[in-house]
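Worksheet: one structure, shown below.
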Amino acid sequence: MSKPPLTLYMAAPRGFCAGVDRAIKIVEMALEKWGAPVYVRHEIVHNKFVVDGLRDRGAVFVEELDDCPPDRPVIFSAHGVPKAVPAEAAARDMLFVDATCPLVSKVHIEAARHSEAGLQMVMIGHAGHPETVGTMGQLPPGEVLLVETAEDVATLAPRDPDRLAFITQTTLSVDDTAEVVAALKARFPAIVGPHKEDICYATTNRQEAVKAMAPKVDAMLVVGAPNSSNSKRLVEVGTRAGCGYAQLVQRASDIDWRALDGIASVGITAGASAPEILIEEVVQAFLERYDVTMDQIVTAEENVEFKVPRVLRQAG
Ligand code: 0CN
Ligand code: SF4
């Protein structure tokens with residue numbers, strides 16, 4: 001039986017960003033330098049495949065510092081940690097390496113700077129997400145007020161409405177965030193914003209590529225994990241940009257082939273924490289079932305790279 005024809009559009013950029021690449025390298029290099037086990041506080045990046053691979057090599061994933069022995073190295077995940085975490089690790093004399101993405105650290109520094117200037121912070125983010133917990137934890141309780149939606153802005157009760165600044169999680173929807181910022185500016189005209197957006201280049205670029213791709217395809221698959229904020233936003237952006245079927249898949253076995261019955265084109269992208277090998281696995285699954293024509297939707301080129309911390313660059 002001949003295979004049905006299908007055009008596969010690959011979004012570019014997609015997949016790993018510089019912060020994820022660095023964070024994974026940090027765990028790999030720590031395992032090389034100090035041997036197993038190396039402890040990692042929280043999933044180094046939100047991807048089960050990445051985490052399982054590192055666990056096989058001797059990384060131990062825990063949620064809290066209390067779950068780490070005092071005499072083994074501990075790495076903090078790419079999403080960042082509240083200030084109390086490195087402080088506690090230092091107090092216990094633990095060897096720790098911070099894999100917080102430099103673009104998340106940039107937001108931490110911004111928050112501290114605004115706070116020193118006497119401004120109370122409003123953070124736009126998702127409650128309970130580790131990055132939001134980490135960023136809010138840069139300042140004492142009450143100094144950072146959280147808003148998740150434009151509606152939340154109405155209920156904010158700041159100390160002084162004229163002495164406010166806002167910061168955001170790095171992996172939000174660009175369009176939703178613009179709405180929240182507009183609501184903040186409408187209610188608090190004096191509110192101070194970041195010099196350069198807090199939403200990172202990788203989040204922005206992946207959303208742009210999806211917007212360009214969505215109207216061209218019958219269906220869109222986003223390779224990524226259900227706990228990955230930036231990956232979930234890509235599904236939403238795809239749906240809103242007009243794609244009738246947009247789904248998050250962790251790997252090829254998650255694809256609902258019946259839902260794809262009768263389609264002529266599929267767009268594929270991946271969140272910043274999804275490894276290329278899983279994207280290839282998904283493409284391979286299409287090649288097995290369809291007579292595929294490959295195409296690309298390129299909306300940006302990326303050349304960002306971050307160095308690993310010095311302690312890992314020094315010989316062991
Ligand atoms: O999926 P991630 O590990 O994290 P979120 O998108 O949930 O924040 O991707 C890396 C992003 C960072 C920090
Ligand atoms: Fe850094 Fe953005 Fe990647 Fe998060 S998604 S690790 S903030 S570059």
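The values are calculated or read from the model by the stated rules, or taken from the named source; none is laboratory data. Quick caveat, the model's predicted, so the values are computed rather than measured. Positions of Cβ are backbone-derived with ideal geometry, glycine not excepted, and every protein chain shown enters the neighbour counts. Protein only, heavy atoms only, side chains kept; ligands, DNA and RNA dropped before computing areas. Shrake-Rupley method; radii C 1.70, N 1.55, O 1.52, S 1.80 Å.
Selection of segment 298-316 for residues being touching a helix residue (DSSP H, G or I) at 6+ places or on another chain (Cβ under 8 Å) and over 17 Å from residue 100 (Cα atoms) yields 298, 299, 300, 302, 316. Name the residue that is farthest from residue 193 (Cα to Cα), counting only residues in segment 117-151 that are open to solvent by 20 Å² or more (accessible area, probe 1.4 Å) and part of a helix (DSSP H, G or I). Restricting to residues being open to solvent by 20 Å² or more (accessible area, probe 1.4 Å) and part of a helix (DSSP H, G or I), the top hit is 130. Out of 66, 98, report the one residue that is open to solvent by 10 Å² or more (accessible area, probe 1.4 Å) and under 22 Å from the mean Cα position of the chain (by Cα). Among 66, 98, only 98 is open to solvent by 10 Å² or more (accessible area, probe 1.4 Å) and under 22 Å from the mean Cα position of the chain (by Cα).
Against the test of being touching a strand residue (DSSP E or B) at 6+ places or on another chain (Cβ under 9 Å), within 14 Å of ligand 1 (Cβ to nearest atom), without any contact (Cβ under 8 Å) to a residue 60 or more places away in the chain and not charged (D, E, K, R), the options 127, 117, 89 yield a single qualifying residue, 127. Say we look at segment 222-253 and pick out the residues that are open to solvent by 70 Å² or more (accessible area, probe 1.4 Å) and more than 21 Å from the chain's Cα centre (by Cα); which of these is farthest from ligand 2 (Cβ to nearest atom)? Checking each candidate, the answer is 244. The number of residues in segment 8-40 being open to solvent by 30 Å² or more (accessible area, probe 1.4 Å) and within 18 Å of residue 105 (Cβ to Cβ) comes to 2. Number of residues in segment 152-176 that are of a type outside the set (Val, Ile, Thr) and under 24 Å from the mean Cα position of the chain (by Cα): the value is 8.
Only one of these is outside the structural domain of residue 117 (by TED's automatic domain parsing), closer than 22 Å to residue 116 by Cβ and among the hydrophobic types (A, V, I, L, M, F, W, C): 192, 222. Name it.
Working: 222 fails: closer than 22 Å to residue 116 by Cβ.
None of the others qualify; the one that does is 192.
Does segment 278-292 contain any residue that is within 14 Å of ligand 2 (Cβ to nearest atom) and more than 17 Å from the chain's Cα centre (by Cα)? No, every residue in segment 278-292 fails to be within 14 Å of ligand 2 (Cβ to nearest atom) and more than 17 Å from the chain's Cα centre (by Cα).
Would you confirm whether any residue within segment 299-314 is modelled with pLDDT of 95 or more, of a type outside the set (Ser, Thr, Tyr), open to solvent by 60 Å² or more (accessible area, probe 1.4 Å) and farther than 20 Å from residue 19 by Cα? Within segment 299-314, not a single residue is modelled with pLDDT of 95 or more, of a type outside the set (Ser, Thr, Tyr), open to solvent by 60 Å² or more (accessible area, probe 1.4 Å) and farther than 20 Å from residue 19 by Cα. The set of residues in segment 258-294 being open to solvent by 70 Å² or more (accessible area, probe 1.4 Å) and farther than 16 Å from residue 245 by Cβ consists of 276, 277, 280, 284, 288, 289, 291, 293, 294.
Quick one: is residue 48 within 14 Å of ligand 1 (Cβ to nearest atom), outside the structural domain of residue 278 (by TED's automatic domain parsing) and open to solvent by 50 Å² or more (accessible area, probe 1.4 Å)? So residue 48 fits the description; yes.
As a summary of the residue check, residue 154 satisfies the conditions (1) in a helix (DSSP H, G or I); (2) open to solvent by 30 Å² or more (accessible area, probe 1.4 Å); (3) in contact with an Asp or Glu (Cβ under 9 Å, 6 or more places away or on another chain) except for the one numbered (3).
On the stretch given as segment 28-77, residues that are closer than 20 Å to residue 171 by Cβ and in contact (Cβ under 8 Å) with a residue 60 or more places away in the chain total 8. Only helices (runs of 4 or more DSSP H) whose full extent lies in segment 12-103 are considered here, and the ones with at least 2 residues that are at pLDDT 95 or above and within 16 Å of ligand 2 (Cβ to nearest atom) are 18-34, 48-56.
A single member of 183, 202 is touching a Cys at 6+ places or on another chain (Cβ under 7 Å), crowded, with 17+ Cβ neighbours inside 10 Å and more than 19 Å from residue 109 (Cα to Cα), and it is 202.
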